[in-house]
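The structure appears below as structure tokens.
The values are calculated or read from the model by the stated rules, or taken from the named source; none is laboratory data. All figures in this text were calculated on a predicted structure; none of them were measured in a lab. Counting neighbours? That spans all protein chains shown, and the Cβs are built from the backbone with ideal geometry, glycine included.
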Amino acid sequence: RIGHCLNDFNTNWSRRVLGQGAVVLMISDGLDRDAGEGIGGEIERLHKSCRRLIWLNPLLRYAGFEPKSKGIKALLPHVDDFRTVHNLASLGDLADALGRPQPARRNKYLTEAA
């Protein structure tokens, strides 16, 4: 269903709401019944349409989290930042991060995992 939702947004809304310099916040656990159906192409399209794509995932609060599902693996290469969102403190951290100047596109999760 994530791929379907991304397709719907890309098709019907992205040109209307994503102006120059748009920052997109995607809130999802990345777990998908349709494991990867169209997700890769749709998230790549969204990534190209915005200045910064931040994925907020509540599962990151768990110390043992590992990106094992097909959906998560398909999404990760196309996000610029991968952050937890599960309480007010994590939202405060997000606000601080949004207020800081950002370097050129990067993939924080993949950089830290290397």
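Of the listed requirements (1) modelled with pLDDT of 90 or more; (2) more than 16 Å from the chain's Cα centre (by Cα); (3) not in a loop (DSSP other than H, G, I, E, B), G64 misses just one: (3).
E42 meets all of the listed conditions (1) modelled with pLDDT of 90 or more; (2) farther than 26 Å from G3 by Cβ but one, namely (2).
Of the listed requirements (1) within 13 Å of the chain's Cα centre (by Cα); (2) modelled with pLDDT of 90 or more; (3) assigned to a helix (DSSP H, G or I), N7 misses just one: (1). Is one or more of the residues making up the stretch 28-39 in a helix (DSSP H, G or I), without any contact (Cβ under 8 Å) to a residue 40 or more places away in the chain, of a type in the set (V, I, T) and surrounded by 14 or more Cβ atoms within 10 Å (Cβ to Cβ)? Scanning the stretch 28-39 turns up at least one residue that is in a helix (DSSP H, G or I), without any contact (Cβ under 8 Å) to a residue 40 or more places away in the chain, of a type in the set (V, I, T) and surrounded by 14 or more Cβ atoms within 10 Å (Cβ to Cβ). Candidates R16, R45: the one that is assigned to a helix (DSSP H, G or I) and surrounded by 14 or more Cβ atoms within 10 Å (Cβ to Cβ) is R45.
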